[in-house]
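Undergrad: Sending over a structure as structure tokens; questions will come in a sec.
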Amino acid sequence: MTTNPLLTDWTTPFELPPFADIDPSHFEEAFESSMDEGRREIEQIANQDAKPSFENTIIALETSGKQLTMVARTFFNLTGADTNEALQKIERDIAPKLAKHSSDMLLNAQLYDRVATLWEIRGTLGLTAEEEKVLERYQKMFQRAGAGLDEGNKARMADISQRLATLGTSFSQNVLKDEADYQLVLETEEDRAGLPDFLLAAASAAAKDRGLEGKHVITLSRSSIEPFLQFSTNRNLREEAFNAWSARGENAGDTDNRDIIAETLSLRSEKSNLLGFKNFAEFKLDDTMAKTPENVRALLTKVWTPAVSQAHEEEAKLEAMALSCGENHKIQAWDWRFYSEKVRKAEHDLDEAELKPYLQLDSIIQAAFDTANRLFGLSFKELDGLPVYHADVRVFEALDSKGAHIGLFLGDYFARPSKRSGAWMSAFRSQHKLDGNVTPIIVNVMNFSKGAPGEAALLTFDDARTLFHEFGHGLHGLLSDVTFPMISGTSVARDFVELPSQLYEHWLAEPEVLSKFAVHYKTGEQMPSELLAKLLAAANFNKGFDTVEYTASALVDLELHLLDNPETLDVAAFEIQELEKIGMPEAITMRHRIPHFQHVFSGDGYSAGYYSYMWSEVMDADAFGAFKEAGDVFDPETAEKLLKHIYSAGGRPDPEETYIAFRGRAPKIDALLEKRGFAA
């Protein structure tokens, strides 16, 4: 018999998964074996005769299920970044089984009794602050899973969890299929009219990836379609491409997500009712910094009003620009980026085609690394020949200021049909010190367009910001310095988790970073000072549009999870109704329309929680002010406090308290409004 590589000790460098040896078929056996092992460990903890102690219950739980964690992390990183039909079939099968496995643990009465007993007597246990936080997290996790319910309701909670897992998997796979199946082939000069060389090179590379060498293809990857909408002078093709992008998840047929959404919302509502909450939004927000739907709506509304006002001003400028170009039509969603690019050129003498040659991928990666070096003393050494899941993946060893290993960083930067859209950070292994010093293996996944063969990959400024954002998440994982896996790295409140990533974006726009790393990909010359000045002066250009498309999505997400009878939901009608209610400008669409809103429906990570980016932005805008006030954006004393209280602390401290410990006070929303160019 062939040994299953997922069930052996990994002797690879840094104990990376042995990707080359793993076949999709290995996962089925590995999951079953790992779940069996996990069940035995849980039964042993739950049924032991010894009285509950922190060590025999909480530490035992923290050290259980190691094999399943390794298998699951490897599997789900692959299904997100490089999937195939075999993996997707396994994913559909395993999702409800994993949900059942989790429910069996969290609804185990004997196990919950042990945790609850420890929680009741926590003051007598002599726990450290970190240990008490971990105990609190376990107590909440069991309660919010339904451990305190009667047997009938516990069984129903388990059924709901399994069904939600199936629905989330189907939702995600449907969106990926819609994205992968669509391609706009540019056959003629008229089709390619207006497109700059960098976009034609990327479209050529995309065509080659899809077996259409010699042609040009626009895909539904954001790094492909957004510049197409910016530059294409063929309005009919812009409309076709935009409508395909907008309609992901609601094309009638096997990939239509609308019934999945209604059932998901209904089950979430039922789950929250069983736990004593009026609706899912109240349940979800109870365990966040925001606490209540009212607090979320108050923040979003405060930003929404000036954003809409500014967006209407922006739209008027676009209409004037269209008229000056001899176009007498109303601005539509597929026109916004096109005329916006022309207005930006007119107002700031700045266009993407001029800017992009100075934003090569390798240079922006180095800029992110250098920023981490100047703030935290980190360095990154690229390693060749290590096992990776795709040839495009790059591996870097992260070293501290003394040259000691602190973790591995994997960068997976290019779009491909096997990868879901968007950008994210994940971990193959999280940091902890419970049984030795376990160092993290962190991955950033992007969807940038490749350059032509032999040419550098060039980024838009938004792409570069995305890279810095995800690297901020990556640093949150790499710099984690906690004992327990439960609170490692990004395991923090959902509306706090975006603080390290959004804060890190600020350094990209600093002149001393851009002047060093924004260099021409052919000549190596620095970005001219006048171009740099124009870029920074245009920082808040189109910010009304940007804020409206995001905030509309966050408001709609909140309202979806406040519904009383979501099982009868007509998704399309609801979306129209809610956007009319808030006064959504007709020429702008939600950043994520409901049928492809993966943050909310591919799992429940950001469900009733898409507002989190804005909540965290209040903090990140205010937090960067600490460096500005110090007179140095790399001020060592401020950076040390940032490391201690934000990047290395994981979920150990209370989010509000640790922010105040860093900043000296609570955050002020004025900094957010100023950052976005809105009057406070």
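Undergrad: Consider region 474-483. How many of its residues are surrounded by 24 or more Cβ atoms within 10 Å (Cβ to Cβ) and either over 18 Å from HIS432 (Cβ atoms) or not hydroxyl-bearing (Ser, Thr, Tyr) (or both)?
TA: Residues in region 474-483 being surrounded by 24 or more Cβ atoms within 10 Å (Cβ to Cβ) and either over 18 Å from HIS432 (Cβ atoms) or not hydroxyl-bearing (Ser, Thr, Tyr) (or both): 6 in total.
Undergrad: Does THR301 satisfy the criteria of being surrounded by fewer than 17 Cβ atoms within 10 Å (Cβ to Cβ), of a type in the set (S, T, N, Q) and assigned to a helix (DSSP H, G or I)?
TA: yes
Undergrad: Hey, another quick one. In region 566-581, what count of residues is obtained for those that are farther than 20 Å from ALA252 by Cβ and free of Cβ contacts under 8 Å to residues at least 40 places away in the same chain? Working first, answer last.
TA: The initial filter retains those residues of region 566-581 that are farther than 20 Å from ALA252 by Cβ, namely 566-567, 577-581.
Those left that are additionally free of Cβ contacts under 8 Å to residues at least 40 places away in the same chain: 577-581.
So the count comes out to 5.
Undergrad: Here is a further query. Would you call GLU29 surrounded by fewer than 16 Cβ atoms within 10 Å (Cβ to Cβ) and either without any contact (Cβ under 8 Å) to a residue 12 or more places away in the chain or touching a Cys at 6+ places or on another chain (Cβ under 8 Å) (or both)?
TA: For GLU29, the condition - surrounded by fewer than 16 Cβ atoms within 10 Å (Cβ to Cβ) and either without any contact (Cβ under 8 Å) to a residue 12 or more places away in the chain or touching a Cys at 6+ places or on another chain (Cβ under 8 Å) (or both) - is not met.
Undergrad: Same structure, new question: Are there any pairs, at least 6 apart or on different chains, whose C-beta atoms fall under 8 Å, with the first in region 654-671 and closer than 23 Å to LYS133 by Cα and the second of a type in the set (A, V, I, L, M) and part of a loop (DSSP other than H, G, I, E, B), and if so, which?
TA: Taking only residues 6 or more apart or on different chains, the pairs are PRO655/MET289; PRO655/VAL492; PRO655/ALA493; GLU656/MET289; GLU656/ALA666; THR658/ALA649; TYR659/ALA666; ILE660/ALA666.
Undergrad: Give me the pairs, please: first residue somewhere in region 590-609 and on the phi > 0 side of the Ramachandran plot, second residue anywhere and crowded, with 23+ Cβ neighbours inside 10 Å and part of a loop (DSSP other than H, G, I, E, B), beta-carbon distance under 6 Å, and either six or more positions apart or on two chains.
TA: Every condition considered, the pairs that remain are ALA608/HIS561.
Undergrad: Could you please give the count of residues in region 560-573 that are surrounded by fewer than 19 Cβ atoms within 10 Å (Cβ to Cβ), part of a helix (DSSP H, G or I) and in contact with a helix residue (DSSP H, G or I) (Cβ under 6 Å, 6 or more places away or on another chain)? Reasoning before the result, please.
TA: Here is the first cut: in region 560-573, the ones surrounded by fewer than 19 Cβ atoms within 10 Å (Cβ to Cβ) are 562, 564-565, 567-568, 570, 572-573.
Next, only the ones that are part of a helix (DSSP H, G or I) stay: 567-568, 572-573.
Then keep just the ones that are in contact with a helix residue (DSSP H, G or I) (Cβ under 6 Å, 6 or more places away or on another chain); that gives 567.
Here the count works out to 1.
Undergrad: OK, next. On the given criteria, is ALA666 in a loop (DSSP other than H, G, I, E, B) and farther than 28 Å from LYS543 by Cα?
TA: no
Undergrad: Separate question: Looking only at region 90-119, which residues are closer than 20 Å to ASP287 by Cβ and free of Cβ contacts under 8 Å to residues at least 60 places away in the same chain?
TA: We begin by selecting, within region 90-119, every residue closer than 20 Å to ASP287 by Cβ; these are 99, 102-103, 105-107, 112, 115-116, 118-119.
Answer for region 90-119, where residues must be closer than 20 Å to ASP287 by Cβ and free of Cβ contacts under 8 Å to residues at least 60 places away in the same chain: SER102, SER103, LEU106, LEU107, TYR112, ALA116, TRP119.
Undergrad: Select, from GLU470, GLU530, GLU512, the only residue that is in contact with a helix residue (DSSP H, G or I) (Cβ under 8 Å, 6 or more places away or on another chain) and either surrounded by fewer than 19 Cβ atoms within 10 Å (Cβ to Cβ) or in a helix (DSSP H, G or I) (or both).
TA: Sole residue among the options that is in contact with a helix residue (DSSP H, G or I) (Cβ under 8 Å, 6 or more places away or on another chain) and either surrounded by fewer than 19 Cβ atoms within 10 Å (Cβ to Cβ) or in a helix (DSSP H, G or I) (or both): GLU470.
Undergrad: Only one of GLU674, GLU656 is modelled with pLDDT under 95, among the acidic types (Asp, Glu) and assigned to a helix (DSSP H, G or I); which?
TA: Residue meeting the stated conditions: GLU674.
Undergrad: Considering only region 9-55, how many residues are among the hydroxyl-bearing types (Ser, Thr, Tyr), assigned to a loop (DSSP other than H, G, I, E, B) and either under 30 Å from LEU135 (Cα atoms) or assigned by TED's automatic domain parsing to the domain that holds ARG429 (or both)?
TA: Let us first name the residues in region 9-55 that are among the hydroxyl-bearing types (Ser, Thr, Tyr), namely 11-12, 25, 33-34, 53.
Going one step further and asking which of them are assigned to a loop (DSSP other than H, G, I, E, B), we end up with 11-12, 53.
Right, trim to either under 30 Å from LEU135 (Cα atoms) or assigned by TED's automatic domain parsing to the domain that holds ARG429 (or both) and you get 53.
Count: 1.
Undergrad: Okay, moving on. Considering only region 634-652, state which residues are part of a loop (DSSP other than H, G, I, E, B) and buried (at least 20 other Cβ atoms within 10 Å of the Cβ).
TA: Those that are part of a loop (DSSP other than H, G, I, E, B) and buried (at least 20 other Cβ atoms within 10 Å of the Cβ): ALA649, GLY650, GLY651, ARG652.
Undergrad: Give me the helices (runs of 4 or more DSSP H) completely within region 184-296, filtered to those with at least 2 residues that are over 23 Å from ILE331 (Cα atoms) and in contact (Cβ under 8 Å) with a residue 60 or more places away in the chain, ordered by residue number. Before you say what the answer is, go through the steps one by one.
TA: Numbers: elements: 197-209, 222-231, 235-246, 258-274, 280-285.
So the answer is 197-209, 258-274, 280-285.
Undergrad: Scanning region 495-550 for residues that are out of contact with any strand residue (DSSP E or B) (no Cβ under 7 Å at 6 or more places or on another chain) and of a type in the set (Val, Ile, Thr), which turns out nearest to THR371 (Cα to Cα)?
TA: Among residues in region 495-550 that are out of contact with any strand residue (DSSP E or B) (no Cβ under 7 Å at 6 or more places or on another chain) and of a type in the set (Val, Ile, Thr), the one nearest to THR371 (Cα to Cα) is VAL513.
Undergrad: Considering only region 327-347, I want to know if a residue exists there that is part of a loop (DSSP other than H, G, I, E, B), surrounded by 21 or more Cβ atoms within 10 Å (Cβ to Cβ) and in contact with a Gly (Cβ under 8 Å, 6 or more places away or on another chain).
TA: Taking every residue of region 327-347 in turn, none turns out to be part of a loop (DSSP other than H, G, I, E, B), surrounded by 21 or more Cβ atoms within 10 Å (Cβ to Cβ) and in contact with a Gly (Cβ under 8 Å, 6 or more places away or on another chain).
Undergrad: Within region 458-468, is even one residue touching a Ser or Thr at 6+ places or on another chain (Cβ under 7 Å) and closer than 30 Å to LEU61 by Cβ?
TA: Within region 458-468, none of the residues are touching a Ser or Thr at 6+ places or on another chain (Cβ under 7 Å) and closer than 30 Å to LEU61 by Cβ.
Undergrad: Only residues that are more than 14 Å from MET590 (Cβ to Cβ), crowded, with 20+ Cβ neighbours inside 10 Å and charged (D, E, K, R): list them for region 236-258, please.
TA: ARG238
Undergrad: Show the residue pairs that are 6+ apart or on different chains and have beta-carbon atoms under 8 Å apart, the first residue being within region 473-488 and in contact (Cβ under 8 Å) with a residue 40 or more places away in the chain and within 18 Å of MET70 (Cβ to Cβ), the second being among the acidic types (Asp, Glu) and surrounded by fewer than 24 Cβ atoms within 10 Å (Cβ to Cβ).
TA: Filtered contacts from region 473-488: PHE484/GLU62; PHE484/GLU130; PHE484/GLU131; PRO485/GLU62; MET486/GLU62.
Undergrad: Right, something else. Report whether or not THR79 is free of Cβ contacts under 8 Å to residues at least 40 places away in the same chain, part of a helix (DSSP H, G or I), under 22 Å from the mean Cα position of the chain (by Cα) and surrounded by 15 or more Cβ atoms within 10 Å (Cβ to Cβ).
TA: yes
Table: residues versus (1) surrounded by 20 or more Cβ atoms within 10 Å (Cβ to Cβ); (2) over 30 Å from TRP334 (Cβ atoms).
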{"site": "GLU575", "(1), (2)": "yes, no"}
{"site": "GLY603", "(1), (2)": "no, yes"}
{"site": "TYR606", "(1), (2)": "yes, no"}
{"site": "MET619", "(1), (2)": "yes, yes"}
{"site": "LYS628", "(1), (2)": "no, yes"}
{"site": "GLU657", "(1), (2)": "no, yes"}
{"site": "GLY664", "(1), (2)": "no, yes"}
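Undergrad: Let me ask something else about it. Report yes if some residue within region 609-616 is touching a Gly at 6+ places or on another chain (Cβ under 8 Å), in a helix (DSSP H, G or I), not assigned by TED's automatic domain parsing to the domain that holds GLU512 and not acidic (Asp, Glu); otherwise report no. Outline the logic, then answer.
TA: We begin by selecting, within region 609-616, every residue touching a Gly at 6+ places or on another chain (Cβ under 8 Å); these are none.
Among the residues of region 609-616, not one is touching a Gly at 6+ places or on another chain (Cβ under 8 Å), in a helix (DSSP H, G or I), not assigned by TED's automatic domain parsing to the domain that holds GLU512 and not acidic (Asp, Glu), which makes the answer no.
Undergrad: Of everything in region 487-521 that's among the aliphatic types (A, V, I, L, M) and touching a Phe, Trp or Tyr at 6+ places or on another chain (Cβ under 7 Å), which residue is farthest from GLU617 (Cα to Cα)?
TA: Of the residues in region 487-521, the ones among the aliphatic types (A, V, I, L, M) are 487, 492-493, 497, 499, 503, 508-509, 513-514, 518-519.
Add one more test, that the residue is touching a Phe, Trp or Tyr at 6+ places or on another chain (Cβ under 7 Å), and what stays is 503, 508, 513, 518-519.
On the way: LEU503: 8, LEU508: 16, VAL513: 21, ALA518: 25, VAL519: 29 Å.
Restricting to residues being among the aliphatic types (A, V, I, L, M) and touching a Phe, Trp or Tyr at 6+ places or on another chain (Cβ under 7 Å), the top hit is VAL519.
Undergrad: Then there's this: Working only within region 1-35, note down all residues that are at pLDDT 95 or above, hydrophobic (A, V, I, L, M, F, W, C) and over 26 Å from the mean Cα position of the chain (by Cα).
TA: The answer is LEU6, LEU7, TRP10, ALA20, ILE22, ALA30, MET35.
Undergrad: Against the condition within 27 Å of the chain's Cα centre (by Cα), crowded, with 20+ Cβ neighbours inside 10 Å and closer than 19 Å to SER418 by Cβ, how does SER221 come out, does it pass?
TA: On the way: within 27 Å of the chain's Cα centre (by Cα): yes; crowded, with 20+ Cβ neighbours inside 10 Å: yes; closer than 19 Å to SER418 by Cβ: yes.
The answer is yes for SER221.
Undergrad: Output the number of residues of region 439-464 satisfying the condition of being under 12 Å from GLY477 (Cβ atoms), β-branched (Val, Ile, Thr) and not in a loop (DSSP other than H, G, I, E, B).
TA: 3
Undergrad: Let me ask something else about it. Just wondering, is there one or more residues in region 520-530 that are over 30 Å from THR264 (Cβ atoms) and basic (Lys, Arg)?
TA: yes
The values are calculated or read from the model by the stated rules, or taken from the named source; none is laboratory data. Keep in mind it's a predicted model, so treat the numbers as computed, not measured. Glycine also receives a Cβ, built like all others from the backbone with ideal geometry; neighbour counts cover every protein chain displayed.
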